[in-house]
Amino acid sequence: MVAERVVSPVLVGRDEALEALTQAWRAAQAQGPAVALVTGEAGIGKSRLLAGFTGSLEPGVRVVAGGCAEFGGEGLAYAPFVAVLRRLIRDGAAGSGRRRELARWFPELDEPSEEDTGRHRLYEEILDVVESAAADRPTVLVIEDLHWADTASRELLAFLARNLTRPGVLLLVTYRAGEAAAGQLGPLLSELARGPRTTTLRLPRLTEQDVGRQLAAILGAAPDADAVRRVHRRSDGNPLFVEALAHGDARTPDSLRELLLRGPRALPSAARRLLNQVSAGGDHITHPLLEDVAVESGADLDALLRLLVDQGLLVTSGDGYAFRHALIRQAVYEDLLPGERTRLHACYAASLADDDARAVEHAYAAGAHPRALAVAHRAAALARRSYAYDEQVRMLERVLELWDLVPDPAARLGTDLAGVLTGAAEACMLSGAYRRGVEHASAGLAAVDERREPE
């Protein structure tokens, strides 16, 4: 059976946006480093636009990308920049010079610093790496899903935008407008927008004519006018929803969740099982990790992954895979039974090392509270060493949440409740969350007083 085409082979309705990005890139090369902000609702085609733009660049341009991870409410510390730097180091574009702060992430660069020199030194080293890369080749640095970014990543992005000086660097950033307005992006976006070479693109929904062109590209033939009107009305011009409705008829369910699950539910059982596995892994999963948790391996696993990519459900992303759209992943994950979710998270928790912060959320979701407690405590210490104080607070607050759920937590961690609260209070103060810091400090003092009371 020939699989139905799901994704449009052409980019529709984005000519003006592509031209604006092209102009931003020309300015970055001729005048100095530039910033391009691409925003719009979920499913509007931000990632597709970026793929079309970067695919049109001349062969000598280096494109490095990192995505902000949706995990546990606040993104993993520095996640997009770790991915970008890993690629630059792999390409030999990191330049020379001391990299003692970065060596904590990438030991091959230098001897890690034993001193607490502050996050500014870390940021300076990252700035130097990016400028060294641009000196070697013009560079487009892509950060996707900024609405999920942790505080440290937001601060680092602002630092780079302020301090980059070498021409030939474009910072290309995507975010969802609605989630950004409700979150903590406001000050950062305002600062970026004030830059001398900042372009902001707000992607609109597709017109009825554009929907007709998209449907024709998907179906391989021009649809009738009634079908175009119906799909435009039901999709409201959202390209992702157009794709979901392309092969439907008047009986297509109105529920978006049902639309998004039509493709996954039609898969062979082995492919659907693998797609479920990927959905529990977060927004991105590396191939080695997927090999650890999947039932299939080797050529059998590759064949299933090829099917999922060809069906437009997964895309290759760096050294692994991601869902083509976050809404599809959310629908697949929410369709899992409670027992399925627990087992899948347990597989991930067992495969991740104790120094990997992702293991905290997987162990917690699997009900493995002792493991989650220990890994969260270790992740907090690692976050402090990277000056990611918000991440440290998040991990220590997870420890506090788990404290009463684990037998003898003080013995497991080598510290008592007062010590954890004191650490959380200090991290809050360093991150600027003063009110929360006072609350943790007060709770810590109460814990000390309780410990001192005679029996």
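The values are calculated or read from the model by the stated rules, or taken from the named source; none is laboratory data. In this text the structure is predicted, and so the values were computed from the model without any measurement. Note: ideal-geometry Cβ built from the backbone for every residue, glycine included; neighbour counts use all protein chains shown.
Pick from region 314-340 the residues that are in contact with a strand residue (DSSP E or B) (Cβ under 7 Å, 6 or more places away or on another chain) and not hydroxyl-bearing (Ser, Thr, Tyr): which of them is nearest to residue 43 (Cα to Cα)? Lay out the reasoning, then the answer.
Our first condition is that a residue be in contact with a strand residue (DSSP E or B) (Cβ under 7 Å, 6 or more places away or on another chain); within region 314-340, this holds for 314-315, 319-324, 329.
Narrowing the set further to residues that are not hydroxyl-bearing (Ser, Thr, Tyr) leaves 314-315, 319-320, 322-324, 329.
Numbers: 314: 15, 315: 15, 319: 24, 320: 22, 322: 15, 323: 12, 324: 10, 329: 12 Å.
For region 314-340, the residue satisfying everything is 324.
Residues in region 408-424 that are in a helix (DSSP H, G or I) and closer than 14 Å to residue 381 by Cα: 7 in all.
Identify all residues within region 135-162 that are part of a helix (DSSP H, G or I) and either aromatic (Phe, Trp, Tyr) or more than 24 Å from the chain's Cα centre (by Cα) (or both); write none if there are none. Quick ask: steps written out before the conclusion?
Step one: list which residues in region 135-162 are part of a helix (DSSP H, G or I), which gives 135-136, 146-148, 151-162.
Those that are part of a helix (DSSP H, G or I) and either aromatic (Phe, Trp, Tyr) or more than 24 Å from the chain's Cα centre (by Cα) (or both): 135, 136, 148, 159.
Scanning region 199-246 for residues that are polar (S, T, N, Q) and surrounded by fewer than 17 Cβ atoms within 10 Å (Cβ to Cβ) yields 200, 207, 209.
Can you tell me which residue within region 98-131, out of those that are surrounded by fewer than 17 Cβ atoms within 10 Å (Cβ to Cβ) and of a type in the set (Gly, Ala, Ser), is nearest to residue 157 (Cα to Cα)? Checked region 98-131; the qualifying residue nearest to residue 157 (Cα to Cα) is 118. Consider region 308-346 and keep the residues that are among the basic types (Lys, Arg) and either part of a loop (DSSP other than H, G, I, E, B) or not assigned by TED's automatic domain parsing to the domain that holds residue 280 (or both). The one that is farthest from the chain's Cα centre (by Cα) is 343.
Within region 251-290, restricting attention to residues that are acidic (Asp, Glu) and not in a helix (DSSP H, G or I), which residue is modelled with the lowest pLDDT?
Going residue by residue through region 251-290, those that are acidic (Asp, Glu) are 254, 258, 283.
Still in the list and also not in a helix (DSSP H, G or I): 254, 283.
Values: 254: 52, 283: 83.
Going through the qualifying residues, I end up with 254.
List pairs: first residue in region 370-390 and within 13 Å of residue 360 (Cα to Cα), second residue at pLDDT 95 or above and part of a loop (DSSP other than H, G, I, E, B) anywhere in the structure, Cβ distance under 7 angstrom, at least six positions apart or on different chains. Hits for this filter: 370/406; 373/406. When we screen 376, 349, 381 for residues that are buried (at least 17 other Cβ atoms within 10 Å of the Cβ), in the same structural domain as residue 401 (by TED's automatic domain parsing) and either in a helix (DSSP H, G or I) or acidic (Asp, Glu) (or both), the only hit is 376.
What number of residues in region 109-128 are aliphatic (A, V, I, L, M) and touching a helix residue (DSSP H, G or I) at 6+ places or on another chain (Cβ under 6 Å)? Spell out the reasoning first.
Within region 109-128, the subset aliphatic (A, V, I, L, M) is 109, 122, 126-127.
Keeping just the survivors that are touching a helix residue (DSSP H, G or I) at 6+ places or on another chain (Cβ under 6 Å) gives 109, 127.
Final tally of qualifying residues: 2.
Mind checking whether some residue in region 319-342 is over 29 Å from residue 267 (Cβ atoms) and either modelled with pLDDT under 95 or buried (at least 22 other Cβ atoms within 10 Å of the Cβ) (or both)?
Of all residues in region 319-342, those over 29 Å from residue 267 (Cβ atoms) come to none.
Checked against the condition, which is being over 29 Å from residue 267 (Cβ atoms) and either modelled with pLDDT under 95 or buried (at least 22 other Cβ atoms within 10 Å of the Cβ) (or both), region 319-342 yields no hits at all.
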